[in-house]
Amino acid sequence: MLQIHNTLTRNKEALRPVEPGHVRMYVCGMTVYDFCHLGHARMLVGFDIVQRWLRASGYRVTYVRNITDIDDKIIRRAVETGRRLGEVTSFFIDAMHADERALGVQSPDHEPRATEHVGDMLDIISRLEEKDLAYRTEDGDVNYSVRGFPGYGKLSGKSLDDLRAGERVAVTSGKRDPLDFVLWKAAKDEEPEESKWDSDYGRGRPGWHIECSAMSKALLGLPLDIHGGGPDLKFPHHENEIAQTEGAFGGSLASIWMHCGPLMVDADKMSKSLGNFLRIRSAIAAEGEPSDSVADYAVNPREAEMLRFFIVRNHYRSVQNYAADNLIDAQHALDRLYQALANVPPQEVEIDWEAPYCREFRDAMNDDFNSAGAVAVLFELAGEANRTKSSQVSGLLKALGGVLGLLQNDPLVYLRSPTRYLGQGAAETELSAEQIEALIQARSDAKQQRDFAEADRIRDTLQAAGVELEDRPGGVTQWRRA
């Protein structure tokens, strides 16, 4: 049975859906005011693996990942650029979807936007007010009374006495307690009209935390089987979700809470101030980072899959370090798997989960989605395929790789795509595919004319450009970028 580490209980627990055979999963998504960064890639790929394995295990899955399309940062971006809120959010939603496609992330079943559920949010606020868990302030805001909810802090393990507010609260803020958080923000004159909704509390807009309580209940009901998100959401966002939902409706918000681990850059937390902030598109675009004026972009397929592989080969709860040596190692490792598929063309096979390699793969994934253990099985299969030249074995390698969203590209197309991550550093010269093919033909001609010195010179030229050749029977030469 699938065992999942539950952040709430700090233990692994068996997945027991409320409705047998049907898993209802909600994951907190993006606030769409900027391009997605590498930390978002970790979350997107991590929960993509979760939903893929649930489906491969025979569950019916309803996967909801929301979009925050009303927020202070979105309003600020709209004002700075002179665009309407909808223009800003639509552009960055399109950019997010481009990143997802590039990383092989499947679309969720539902992708609700916060602006579509303001009525649901107001209903929850009203319920909280009736239960004395929400109060109005003189400045028109509505706040949640944290000390009125006995279970506050159970997810993060923080007690009320230990908690500290993120900022010093001004006397005029209207908060009764520094830990209280806003449910409804009163409209400000300088904010655009499209950021304001009518309510019993006056014109305004919802706070950030309330939106997920509303959308998860509206689309999935309570309790959720799985609620997930990035590591930075555990507190205060998810803690506040619990307080809002359970305060309004009783019961529990979710049976199992999942949080992926952080992604570091050169062993430091990613931060613009440290100069190590990197967008997804910067890491995988075909020719450098695309312009800020475009949402979609051309992708380097080898580097895009390498980034996914880099994430998948580590356990989702581990700390990952995006550093040159680790990327080079990931590139070489993924190349070895693709080389096995190129050496032994795979036949289409059905996965038999009781067969030895499949069972080992399944046992790893059933142990809290241990994708690192599952990837180890892929390398075992690659080794056997190379030894036995069995197209059935390489077919199983491709099929199990597909469960993780890997190894579905044409091996030769993949291996001939350029990459910045070379074991010996960047190649001296980058050649196009057409130039490489022309040099290979010239080398073949030289060999036929028994001009072996010229043939060797051409091979050295290709090797200096990061191109490896493999001469096969029948005079066929295959090539790949190193």
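Residue under question is Gly402, and the condition is that it be of a type in the set (Gly, Ala, Ser), out of contact with any Gly (no Cβ under 9 Å at 6 or more places or on another chain) and surrounded by fewer than 16 Cβ atoms within 10 Å (Cβ to Cβ); does it hold?
yes
Does Ala465 satisfy the criteria of being at pLDDT below 85, in contact with a Leu (Cβ under 9 Å, 6 or more places away or on another chain) and not aromatic (Phe, Trp, Tyr)?
yes
Cβ-Cβ under 8 Å, sequence separation 6+ or interchain: first residue in the range 192-203 and closer than 27 Å to Thr81 by Cβ, partner modelled with pLDDT of 95 or more and among the aromatic types (Phe, Trp, Tyr). Which pairs?
Correct list of pairs: Arg203/Trp197.
When you go through (1) farther than 27 Å from Ala482 by Cα; (2) in contact (Cβ under 8 Å) with a residue 40 or more places away in the chain; (3) acidic (Asp, Glu) one by one for Asp363, which number turns out not to apply?
Unmet for Asp363, out of (1) farther than 27 Å from Ala482 by Cα; (2) in contact (Cβ under 8 Å) with a residue 40 or more places away in the chain; (3) acidic (Asp, Glu): (2).
Looking at (1) within 30 Å of Arg176 (Cα to Cα); (2) in contact (Cβ under 8 Å) with a residue 12 or more places away in the chain; (3) more than 20 Å from the chain's Cα centre (by Cα), can you tell me which one Ser57 breaks?
Result: Ser57 fails condition (1) only.
Is there a residue being assigned to a strand (DSSP E or B), under 25 Å from Pro418 (Cα atoms) and within 36 Å of the chain's Cα centre (by Cα) anywhere in the range 453-465?
No.
Does at least one position in the range 30-45 carry a residue that is surrounded by fewer than 23 Cβ atoms within 10 Å (Cβ to Cβ), assigned to a loop (DSSP other than H, G, I, E, B) and in contact with a Lys or Arg (Cβ under 6 Å, 6 or more places away or on another chain)?
Yes, because at least one residue in the range 30-45 is surrounded by fewer than 23 Cβ atoms within 10 Å (Cβ to Cβ), assigned to a loop (DSSP other than H, G, I, E, B) and in contact with a Lys or Arg (Cβ under 6 Å, 6 or more places away or on another chain).
Determine whether Lys188 is under 30 Å from the mean Cα position of the chain (by Cα), among the basic types (Lys, Arg) and modelled with pLDDT of 90 or more.
no
Could you say which residue among Asp120, Asp94, Asp69, Asp99 is touching a residue at least 24 places away in the same chain (Cβ under 8 Å), exposed (fewer than 15 other Cβ atoms within 10 Å of the Cβ) and of a type outside the set (Lys, Arg)?
Being touching a residue at least 24 places away in the same chain (Cβ under 8 Å), exposed (fewer than 15 other Cβ atoms within 10 Å of the Cβ) and of a type outside the set (Lys, Arg) holds for just one of Asp120, Asp94, Asp69, Asp99, which is Asp94.
Can you tell me which residue within the range 8-29, out of those that are outside any loop (DSSP other than H, G, I, E, B) and surrounded by fewer than 20 Cβ atoms within 10 Å (Cβ to Cβ), is farthest from the chain's Cα centre (by Cα)?
For the range 8-29, the residue satisfying everything is Glu19.
For the range 8-32, which residues satisfy the criterion of being free of Cβ contacts under 8 Å to residues at least 12 places away in the same chain and in contact with a strand residue (DSSP E or B) (Cβ under 9 Å, 6 or more places away or on another chain)?
Selection gives Thr9, Asn11, Glu19.
Looking at Gln339, Gln392, which is the one that is in a helix (DSSP H, G or I), exposed (fewer than 15 other Cβ atoms within 10 Å of the Cβ) and not assigned by TED's automatic domain parsing to the domain that holds Asp48?
Checking each option against the conditions leaves just Gln392.
It is to be established whether one or more residues within the range 135-150 are among the acidic types (Asp, Glu) and either at positive phi or modelled with pLDDT of 95 or more (or both).
The answer is yes; a qualifying residue exists.
Of the numbered conditions (1) over 29 Å from Gly261 (Cα atoms); (2) surrounded by 15 or more Cβ atoms within 10 Å (Cβ to Cβ), Gln441 satisfies every one except a single condition; which is it?
For Gln441, the exception is condition (2).
Determine the pairs where a residue that is without any contact (Cβ under 8 Å) to a residue 60 or more places away in the chain, located within the range 324-340, has a partner that is hydroxyl-bearing (Ser, Thr, Tyr) and surrounded by fewer than 18 Cβ atoms within 10 Å (Cβ to Cβ) with Cβ atoms under 7 Å apart, the partner being 6 or more residues away or on another chain.
Nothing qualifies.
The values are calculated or read from the model by the stated rules, or taken from the named source; none is laboratory data. As the structure is a prediction and not an experimental result, all values here were calculated from the model. Note that we place each Cβ from the backbone using ideal geometry, even for glycine, and neighbour counts take in every protein chain shown.
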